[in-house]
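First comes the structure, then the notes that go with it.
The values are calculated or read from the model by the stated rules, or taken from the named source; none is laboratory data. Here the structure is a predicted model, which is why all the values come from computation and not from measurement. Using ideal geometry, Cβ is built from the backbone for each residue, glycine included, and neighbour counts are taken over all protein chains shown.
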Amino acid sequence: MRKGIVTIQFNWILVLISGAVIMVFFVSVINWATKLQEEKTNVVILNTVSTITNSIKSGDRLDKIFRSVPEADILYKCFRSDQGTPCTCSLSIGGRALNLDDPSIILFAPTRMRVPNILSKSQEWNSPFRIANFLYFTSTNVRYIFVRPTANEQLKKDILEASPSLLKADEHFDDTLLDDFVDKNDDRLKFVFINTDPADYEDLLDGELSDMKDEDVNAVWIKPDPTRTVTFYRKNEDEWKMVSAGDIPYYDITSLVGAVFSEENDKEGTENYFCMLQKSFETQHYAVKAIKKRAENISGVYTSNVNCRNTYVNAIANLQALEAATIDPYSHTEVSVGTNLIPSVEGAATALGTNNDQALLYSCALIY
């Protein structure tokens with residue numbers, strides 16, 4: 001009898017052990033399948049983004065929403081290892097990353113985007129000739145709140161005109177102190193303060209937005225002409241914390257729109273906006289070199305045509321100034337971009353545009 005009981009107990013132990021082994025096996029299979037599916041999802045998303053960036057490089061114009069992208073968080077980061085060195089930029093999902101160090105890919109985007117819906121818009125950047133397409137990325141889970149004086153209506157219109165057409169955006173006037181602001185349970189918020197100090201609106205952070213995570217509430221303070229700078233902030237409990245190194249100059253409306261879609265992660269030391277600004281001038285440098293070489297070849301033809309010869313002499317001088325100004329944009333700091341680089345580029349680009357108009361007037365070959 002005792003032997004039978006022992007046998008039965010032993011059989012039950014074997015059953016339990018076998019059941020546990022089978023359960024562990026199935027759990028392992030499920031985890032493996034889940035991880036495999038996540039990997040496939042990440043590949044699909046990164047391939048979609050790669051397709052977008054490659055189409056922009058080839059000159060395509062874009063303003064669309066990419067739907068049915070598998071749901072995930074896309075992280076966007078740019079870093080400088082040291083001043084004077086090129087930035088390293090990437091979009092990443094899980095353990096996979098898409099390298100964006102190509103100088104012709106100039107992408108402005110939040111540090112974190114939740115798909116499945118990616119909003120994208122490309123905008124041609126001219127200075128004074130076409131240099132590159134700027135690409136703006138965001139997602140439908142980000143709501144943009146414009147806060148401005150009534151006097152800055154046109155600037156707000158210019159920004160929205162260059163933004164993705166399906167952008168979620170609200171508008172508030174600075175004299176209301178955002179009394180009419182309503183929390184719509186958005187995943188993320190980006191405040192765009194135009195000529196308006198964010199410090200005047202910190203009550204909102206301790207009120208309507210107190211339950212939102214700090215990293216999900218970001219802001220940019222735009223100081224238009226004549227200052228023409230942007231400063232980045234994020235929510236830090238009940239106050240705005242500056243997360244950029246300081247005021248960063250913007251070049252024109254195209255780069256200003258880039259600031260609206262950019263964010264900085266102070267915990268990781270990202271320099272997303274500043275890196276894209278520098279990359280744009282690097283791209284300009286190589287374009288200027290090509291146009292200058294062409295201009296030098298053409299100028300030799302105009303030995304007897306004084307008007308065309310003088311026009312080309314002046315144009316080559318301005319191209320040389322542009323080439324010198326943009327030769328090493330990564331050596332500039334935020335401050336020197338404003339005090340040295342941008343004014344130099346702007347002055348030479350404006351003068352070169354005048355040279356091109358003169359070439360047209362005198363029936364010369366156009367400079368660009």
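A few points about this structure:
So that you can scan it fast, the table gives a plain yes or no per residue for (1) under 25 Å from N152 (Cβ atoms); (2) in contact with a strand residue (DSSP E or B) (Cβ under 9 Å, 6 or more places away or on another chain); (3) assigned to a helix (DSSP H, G or I):
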site: S244; (1), (2), (3): yes, yes, no
site: S255; (1), (2), (3): yes, yes, yes
site: A259; (1), (2), (3): yes, yes, yes
site: E263; (1), (2), (3): yes, yes, no
site: T270; (1), (2), (3): no, yes, no
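- Residue match in the stretch 172-181 (condition: closer than 28 Å to R67 by Cβ and not in a helix (DSSP H, G or I)): no
- Segments classed as strands (runs of 3 or more DSSP E), wholly inside the stretch 66-142, with at least 1 members that are in contact (Cβ under 8 Å) with a residue 12 or more places away in the chain, of a type in the set (S, T, N, Q) and out of contact with any His (no Cβ under 7 Å at 6 or more places or on another chain): 88-93, 118-126, 130-139
- Test: residue in the stretch 212-225 that is in contact (Cβ under 8 Å) with a residue 40 or more places away in the chain, aromatic (F, W, Y) and buried (at least 17 other Cβ atoms within 10 Å of the Cβ): no
- Residue under evaluation R143, criteria (1) modelled with pLDDT under 90; (2) on the phi < 0 side of the Ramachandran plot, criterion not met: (1)
- Unique residue being touching a helix residue (DSSP H, G or I) at 6+ places or on another chain (Cβ under 6 Å) and of a type in the set (D, E, K, R) when the list is R114, R96, R130, R143: R96
- Scanning the stretch 140-158 for residues that are among the aliphatic types (A, V, I, L, M) and more than 14 Å from W221 (Cα to Cα) gives V142, A151.
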